[in-house]
Amino acid sequence: MLKYVEYTRHSMAEPLATINIYKKVEDGKVVSTFKILVYKNMSITVFETDKLEGGQVVEMTSEKIESIIKIINKYYDEKTDDLTILGEERVVDDIIDKLKT
């Protein structure tokens with residue numbers, strides 16, 4: 001479920017938007033996270049487990065909203081996972097609009 005949305009301004013060298021997909025087990029414990037970092041010319045997806053061994057880049061795609069939605073749909077299970085989106089208003093609104101369709 002979409003848990004949290006926040007409009008933020010990015011500062012130098014920070015992503016335009018950050019999307020977090022929290023993978024949870026039945027009792028609600030977070031066991032891993034996919035973090036999608038949206039930059040001006042690229043999106044990077046990082047995966048990390050709750051063992052905190054360090055994240056690994058699992059995917060790099062274009063910054064286009066359609067590419068970001070594909071990644072979200074690939075890793076996000078609406079029944080069990082939590083989704084948060086933080087970033088520039090135009091990017092966040094575009095992502096939310098595309099998720100609804």
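Where a number appears in this text, it was derived from the coordinates with a stated rule and is not lab data. This is a predicted model, so every value here is computed, not measured. Reconstructed Cβ throughout: ideal geometry from the backbone, glycine too, with neighbour counts over all protein chains shown.
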Quick one: Cα centre-to-centre distance for segment 10-47 and segment 63-84, in angstrom?
10
Using Cα-Cα distances under 8 Å and only pairs 6 or more residues apart, what relative contact order does segment 23-70 have, in percent?
27
In segment 31-67, which GluC sites (Glu not before Pro) are in a loop and have at most 15 other Cβ atoms within 10 Å, using DSSP for the loop call?
E53
What FRET efficiency would be calculated for the residue pair K79, T8, taking the C-beta separation as r and a Förster radius of 35 Å, to the nearest 0.05?
0.80
In Å and on Cα atoms, what radius of gyration and Dmax does the chain show?
13.0, 39
Where the eigenvalues come from the Cα gyration tensor of segment 54-96, what are the semi-axes √(5λ) of the equivalent ellipsoid, largest first, in whole Å?
17, 15, 11
Using helices alone, I'd like the mean residue ellipticity at 222 nm for the chain: each DSSP H run of four-plus residues gives -39500 (n - 2.57), total over residue count, nearest 500.
-7000 deg cm²/dmol
For the chain, take the longest principal axis of its alpha carbons; what is the angle in degrees between that and the long axis of helix 65-75, to the nearest 10 within 0 to 90?
0
If R0 = 25 Å, then D97 and M60, at their Cβ-Cβ distance, give a FRET efficiency to the nearest 0.05 of 0.55
